[in-house]
Structures are given as C-alpha cells and as structure tokens.
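See below for the structure under consideration.
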Amino acid sequence: MKADLSRWLPFLRWPRLDAALLRSETVAAITVAVVMIPQSVAYASLAGMPLVTGLYAAFLPALISVLFSGSTRLSVGPSALTSVLVGTSLIGLAEPMSGNWIALVAWLALLSGGIQLAIGAMRADWVLNLVSSPVLAGFSQAAALLIIASQVPALIGLHGGLAELLNAPSLDAMALAFGIANVVFFLAAKRWLPSLPAVLIGIAVSGLVAWLSGYSAHGAVVGALPAGLPSPYWPAWPGWTQMGALVVPALVIALVSSLEMASSAKIESQHDGKRWDAGQDLIGQGAGKIAAALSGSFPTSTSFSRSAITLYSGARTGWATVLSTAIVVVVLLVLTPALQHVPRAALAAVVVVAVAGLVKPRTLQQLWRIDRVEALTALVTFAVTIITAPRIYWGVMTGVLIGLAHFLYLRLHPRIIETGLHPDGSLRDRHLWSLPLLAPHLYALRMDGELDFASASSFERAIVDHLAAHPDVRHVCLFAQPINRIDTTGVEVFLRLRKMFESQGTKLHISGIKLPVERVLERSGALYASPLLAMYRTDAEALVALAHVGDH
C-alpha cells in the first residue's frame with residue numbers, strides 16, 4: 001500500500017530525519033536561503049508584483065513542489081526568466097501591483113501550473129522537445145538583455161526611463177553608489193570568494209548604511225513589507241477576453257519553466273546515477289505554481305544556480321528544501337521590517353548580476369559551427385524576442401514554429417543516397433566519395449528515415465528519376481537497414497514501384513530489412529514471391545550476390 005502511495009506522494013520515500021541528516025540538511029538549507037531570500041524579493045519586481053510576494057513564492061510553492069517532485073534537490077521559487085515573462089505578458093492588461101494585476105498573475109500561475117500538471121500526469125514529457133536548445137539559448141539571452149535594461153534606471157538612480165539618459169538625466173547619487181558598489185562586490189565575490197554569501201552581505205550592509213545615513217527616509221528603498229504568512233487567495237474571474245490573452249503566455253511560461261527544471265534535474269540524476277522521472281517533476285512544478293496562485297504569489301520555476309548550490313552544499317534529500325522554507329517563514333514572521341531599508345538599487349544589482357550569466361555571446365558562434373539552421377533559429381528567436389518586447393513570449397513561439405518547420409522539411413526530404421563500396425569496406429555515398437558502381441546496370445540506394453507519408457514521395461521520385469536517366473539499369477538494390485518504420489502510404493509506394501520494376505524487367509534486391517517493416521509488407525502482400533525479387537539478411541550477403549548480377 002505504501003509503495004502505491006509513494007508513486008503519487010514521492011516524499012513518502014524520504015529517509016527519516018535523524019541527527020546526522022538534520023545537520024547536513026540544515027547547512028544546505030541555510031546556504032540556499034541566504035541566496036534565495038534576496039533574489040526572491042528582487043524577482044518579484046520583475047513580475048510587477050508586491051515585493052513580499054517574492055517571499056511567498058519561496059515558501060508554499062517551494063514546499064509543495066518538493067513534496068510532489070521526484071528530484072528532491074531542485075530549488076523552486078522565483079526565477080529571472082519566468083518572472084520577466086509574467087511581468088511582460090500582462091503589460092496593457094492591468095496596472096502592475098494593482099488588484100487586477102495580481103488576479104491575472106494568479107490565473108497565469110493556475111494555467112501554466114495546470115499545463116505542467118496535465119503533461120506530467122499523462123507522461124507526455126515529450127512536449128518539452130518542442131523548445132530546442134537553440135530556441136532557449138536565443139530567448140534567454142535576449143530576455144537577459146531586456147531584464148538588465150529594465151533594471152538600469154533603478155541601478156543608477158535614474159529618474160524616469162532609459163530615454164532620460166539622452167535628455168539631461170537626473171540621477172540619485174546615493175542610489176548610484178549603492179547600485180555600482182553592489183555590482184562590483186557581487187562580481188568580485190563570485191570570482192574570488194565563491195563560498196561567501198555575497199548577496200546576503202551586500203543587501204544587509206546596504207540596508208544598514210541606508211538606515212544609518214537616513215537615506216531610507218527619503219530615497220528609493222523597499223519600504224514597509226507586511227509581516228505574516230500569506231493568506232488563502234482565489235483570483236476574481238477576469239472575463240473571457242483577458243483569459244484568452246493569457247493562454248499563449250501561460251503555455252510559454254510552462255515550457256520555459258519546464259526546461260529550466262529539466263536542466264537542473266538532469267544534473268541531479270546524473271550526480272546520483274539514477275533515471276530522471278520527468279513526469280513526476282512536472283507534476284511537482286505544476287503543483288508548485290498552483291500553490292503560488294492560491295497564496296497570492298506569481299508562477300515559480302527552478303533556479304539552475306540555486307539548485308546547483310543545493311546539490312553541492314551537501315543536501316541529500318528534500319528535507320533541505322523543507323528547512324529552507326522554514327527559514328523563509330521566520331523571515332516572513334519576524335524579519336520583514338529589516339528589509340524595508342534596503343535600497344532598490346541594491347535589489348537591481350542582485351538581478352543584474354544574476355541574469356548576466358545568461359548572456360553568452362559565443363553561443364551563436366558555437367551553434368554556427370554545429371548547424372547553421374539551428375544558429376539562424378537562435379538568432380531569429382533572439383531578434384523576435386527583442387523586437388516584440390514587452391510581449392517577449394512571441395520569441396519562444398517563433399523559435400518553436402521555425403524548429404517544427406525545419407523538422408517537417410527534413411521529414412519531407414529524407415537523405416537518399418546512391419551507395420558504393422568504400423575502400424574501408426563500408427557502404428557510403430557513391431558521388432560524395434567518387435566510388436564506382438557496385439555492379440554494372442545496378443542502382444543501389446539507401447534511405448535514412450522512415451518510409452511513410454512524409455518521405456514516400458521523395459523515395460519514389462528518387463528511384464523513378466534515376467531509372468529515367470539510366471535506362472540501362474536492370475537491378476535495383478535497396479539497403480533497407482536504416483528504414484525502421486513503414487505506413488500505408490509507404491506500402492502503396494512500394495507496391496507501385498514493384499509493378500513498375502516488373503513491367504520493365506528490373507529485379508529488386510532488398511538487404512537488411514528490419515522485422516517490423518518486413519511484417520507490415522508481408523501482411524499487405526507486397527513481398528509476394530517473384531523471380532524479380534531477392535532478399536538478403538545482411539549487407540555482406542547482398543554484396544556477394546550483387547557481384548554476380550552482371551553475369552545474368
């Protein structure tokens with residue numbers, strides 16, 4: 001009974017918390033919490049939400065997610081990409097931080113969480129393959145640049161938007177000092193003292209200086225945050241028009257969040273030498289988003305950097321996340337007054353340094369060396385994300401459509417080559433390697449792909465065109481080992497070709513056909529016995545037979 005329950009409630013498989021485990025998990029929890037708490041407050045501003053909701057997102061969603069996930073050391077909470085997707089998706093629909101905005105954000109969390117929950121429950125994690133690595137690379141880098149640009153005014157104390165830099169800008173000198181000092185400190189600590197809790201120290205020192213200097217009385221600071229745990233929340237119905245406007249952003253948030261989760265979960269599974277249960281992790285992610293909606297917060301995701309910290313700080317189970325959420329509870333109940341003095345420039349520095357790691361200019365160059373189509377996909381995704389800002393989710397959708405179009409093109413145009421015998425004994429592209437014919441009056445070909453509705457036309461055309469151009473051909477050999485599937489359209493084309501061969505007196509040789517394909521052809525009657533059909537189990541057997549076709 002417990003085994004059945006643990007399938008749906010993975011936390012039942014956790015080990016009991018003894019003294020030794022408690023010590024190691026507490027160290028990991030504190031290590032992660034000192035990074036997560038300031039980041040959570042900072043990322044709430046990206047989502048256009050009240051800053052305290054960042055702490056809400058680091059509490060209940062993180063707890064619910066780890067209870068239902070297979071990967072127990074994922075740091076779930078606010079993340080830069082998901083937060084900025086939330087904030088940009090609702091521009092024009094409501095005013096940031098207003099009641100209507102918060103309700104729409106909750107609906108986004110419900111929709112995106114429901115999508116992930118459904119995909120995980122149906123074990124349909126193949127949907128994640130719709131967003132390829134080039135698409136995610138192009139989108140994340142464009143989003144990172146947009147995030148940095150959005151934080152520049154707060155970082156340097158600029159009154160107004162970035163456009164003011166061109167028209168006699170008015171700067172807050174103290175905010176500029178806080179912002180630049182924190183950026184320098186965070187970067188220096190990251191390089192030379194990576195184990196130092198730099199974010200927590202920078203935020204604490206900035207808040208202390210702002211309080212002692214009196215800056216917090218008149219400057220741009222976090223301000224008073226409500227103390228206490230989040231109350232149950234159910235968003236008001238926004239109407240069908242606004243709900244319709246949330247569908248595409250919710251889908252993109254679910255996909256991007258799932259890929260953020262996958263990048264961290266795969267590292268954990270490799271570290272432990274275990275199989276990654278993508279479906280269960282999607283259930284956990286979806287449940288976390290729904291918990292975020294019901295606590296008045298915004299959609300959460302997995303932080304790659306915080307998950308790495310969790311893993312390498314010694315966390316062994318989900319107890320580390322449970323303990324880190326307990327620390328967040330203490331902050332919500334006791335320490336929110338201390339956050340009110342923190343300059344917004346310091347929070348902007350946290351965001352800028354966190355997302356700066358997403359900007360990797362060499363990625364496009366690496367993609368170009370691997371595959372130029374994928375490099376162009378990443379470039380178009382990047383450009384569309386920038387151009388369509390603030391509706392940056394169209395960048396992901398454009399990249400997905402390009403990827404699907406490229407995939408469809410490749411399926412409709414399979415690789416079909418005329419084979420020849422290479423000096424090393426392998427069968428290769430005869431024209432590419434300038435190889436002689438395998439035998440006189442023979443057309444030997446290989447198709448790398450399925451013989452189905454998408455490729456059958458190209459397969460038939462390649463054979464018909466070759467025979468029309470070479471009327472002396474009396475033998476056709478299909479090296480069929482790469483063909484692993486055939487459908488009704490493929491069978492029809494195969495039968496049509498056989499009839500054409502027989503009308504011309506051409507003999508068909510088939511080598512290495514796979515059993516599933518052979519059975520389909522046999523059931524359809526396409527492999528009927530005939531002097532003009534020869535079949536071979538191996539290519540070696542076929543080559544021996546083909547060496548004598550000129551004798552007949």
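In table form, for the structure just shown:
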item: Net charge, L427 excluded, C-beta distance under 15 Å - Lys, Arg +1, Asp, Glu -1; result: -2
item: Cα-centre dipole for the range 344-488 with unit charges at Cβ (Lys and Arg positive, Asp and Glu negative), debye to 20; result: 740
item: Å² per residue, accessible surface of the chain at 1.4 Å; result: 46
item: Considering only the range 364-511, percent of DSSP beta bridges that pair antiparallel, nearest 5; result: 40
item: Accessible surface ranking that places the most exposed of M97, M535 first, with a 1.4 angstrom probe; result: M97, M535
item: Where Y443, Y233 fall by accessible area, highest first, once all protein chains stay in place (1.4 Å); result: Y233, Y443
item: Accessible-area composition of the range 99-160, carbon plus sulfur, in percent [1.4 Å probe]; result: 71
item: Accessible surface, 1.4 Å probe, highest first, among residues L74, L130; result: L130, L74
item: Theoretical FRET efficiency, 1/(1+(r/R0)^6), r = Cβ-Cβ of M122 and A356, R0 45 Å, to 0.05; result: 0.75
item: Fraction of antiparallel bridges per DSSP, the chain only, in percent to nearest 5; result: 40
item: Viscosity 0.890 mPa s, temperature 25 °C, Stokes-Einstein D of the range 285-360 from Kirkwood C-alpha radius, µm²/s; result: 163
item: Degrees separating the helix 372-387 axis from the principal Cα axis of the chain, which is the longest one; result: 30
item: Helix-derived mean residue ellipticity, 222 nm - over the chain, DSSP H n ≥ 4, -39500 (n - 2.57), to 500; result: -19000 deg cm²/dmol
item: Charge dipole of the range 374-475 about the Cα centre (unit charges at C-beta), most positive-ward option of S458, A444, H475; result: S458
item: Cβ-derived FRET efficiency at R0 56 Å, V373 paired with Y233, nearest 0.05; result: 0.80
item: Of all accessible heavy-atom area on the range 403-552, the percent that carbon and sulfur account for (1.4 Å); result: 59
item: Area of V247 that stays accessible when all protein chains are in place (1.4 Å probe, Å², to 10); result: 80
item: Rounded to 10°, Cα long-axis angle of helix 488-504 versus longest principal axis of the chain; result: 20
item: Solvent-accessible surface (1.4 angstrom probe) belonging to V76, in square angstrom, nearest 10; result: 10
item: Calculated Cα Rg over 2.2 N^0.38 Å (choose from [x] 0.95; [y] 1.25; [z] 1.11), label; result: [y]
item: Calculated FRET value between V464 and D18, using beta carbons and R₀ = 60 Å, to 0.05; result: 0.25
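The values are calculated or read from the model by the stated rules, or taken from the named source; none is laboratory data. All values reported here derive from a predicted model rather than from experimental measurement. Ideal geometry is used to build each Cβ from the backbone, glycine not excepted, and the neighbour counts take in all protein chains shown. The accessibility values were calculated without ligands, DNA or RNA, using every heavy atom of the protein model including side chains. Shrake-Rupley method; radii C 1.70, N 1.55, O 1.52, S 1.80 Å.
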